[in-house]
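Have a look at the structure below before the remarks.
None of the figures in this text is laboratory data; all of them are computed from the coordinates on show. Note that this is a predicted model, so its numbers are computed, not measured. Cβ coordinates were reconstructed from backbone atoms using ideal geometry, including for glycine residues, and neighbour counts include every protein chain displayed.
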Amino acid sequence: MARKEAIVVDQSLPPAGWVVADSVIAAVAARAASRAPGVLRLETGVTELLRQLGERVRRRWIGIVPASTAGVTVSRDDLGVSVRVSLALAGGARAVIVAERVQQAVAEAVRTDTGVELAAVEIAILAIEPETRARVAVL
Amino acid sequence: MAVNQATEDYLLPCARRLEDIWERVDAGVPPVDEHERTCPHCTTARESLVLLHSATRQLADEPLTPPAGLTGRIMAAVRADIRRATMIPLPAPRGGVQISEQAIAVVLRFATDRVPGVRARRCTVRQLPGAPPGVVAVDMSLALQYGTGPAAQVMAAVRAAVLAAADEAIGVRIADCTLTVEDVFL
């Protein structure tokens, strides 16, 4: 999807250093965030939904199911790679604490699975559904 | 008198129903009134819906059935974009956490509805200018049931429920909480 936006992970390595595409970082981040306690789902905007619908058509031709990147955007600047995760939360846990744990979980998953050290994990809580309860009692 | 809104309906910040706009877009009907032509919330919603409508048309024209629950996903996507427009920062230790004002409002309305004899109506949340992150002002309108008890007591209970919910469920402090009783019901 975002193959041309591939980035060099470690600038200090010789040109043979490995490269991780933004869509891979997004997929790893999306998976980690959606599994964090208190998270109901990731929220997708109009632009992303359009892309998903297009992707669905493409998928028919190539016959694979790509990992979902919905709800995550990846950006790069002088500081490095950052991700922004849009969430809907369940009730029963303090939103600011759930968000903090998602930040940790995403940073850790991306570090482990891709080797990329994220400069920032931004969280946008777009919805809370108080009638649903978080499955964990620890929060 | 209906005091309960169906949970499936989504109200725009201007109190119009998103579903109504979708129905008109789907039927190819232009905006019905001056409000819908000029309101920033309505026009933003309409633009997004028109875009999605043409995309789903293309998809429907293909020999491929549209994904199940597509309308629901369209509504959720438009809702997400609208909510993204009004974000306020939360006091997270490492920063970088924002919440939509409407997500906070949903939690506060839910807390209010749990006070016996009270139904929350509109609720707006905004960040206080110049205040640190996580300090907000709340305006909420209510409907009260006849015979619930002295209004002062009921309002104190609502205020306590709202303040507690803001702290426990979200992590914000309410510096200013204005309650307006708009209606009574039997």
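When the alpha carbon gyration tensor of region B:91-166 is reduced to an equivalent ellipsoid, its three semi-axes come out at 27, 11, 10 angstrom, largest first.
For the pair B:A27 and B:R122, a Förster radius of 35 Å applied to the C-beta separation gives a FRET efficiency near 0.80, rounded to the nearest 0.05. Would you please state the base-10 log of I(q)/I(0) at q = 0.10 1/Å for chain B, with intensities from the Debye formula using one equal scatterer on every alpha carbon? Taken in order of the listed q values, log10 I(q)/I(0) reads -0.51. Annotation: amide H of B:T148 has no partner in the under-5 Å range at sequence separation 5 or more or interchain, hydrogens built in the peptide plane.
Among B:H53, B:H35, the ranking by other beta carbons within 10 Å of each residue's beta carbon, starting with the fewest, stands as B:H35, B:H53.
Computed over chain B, the per-residue total of -39500 (n - 2.57) for DSSP H runs of n ≥ 4 gives a 222 nm mean residue ellipticity of -13500 deg cm²/dmol, rounded to 500.
Calculate the FRET efficiency for B:R17 and B:A160 from the Cβ-Cβ distance with a Förster distance of 25 Å, rounded to the nearest 0.05. It comes to 0.20.
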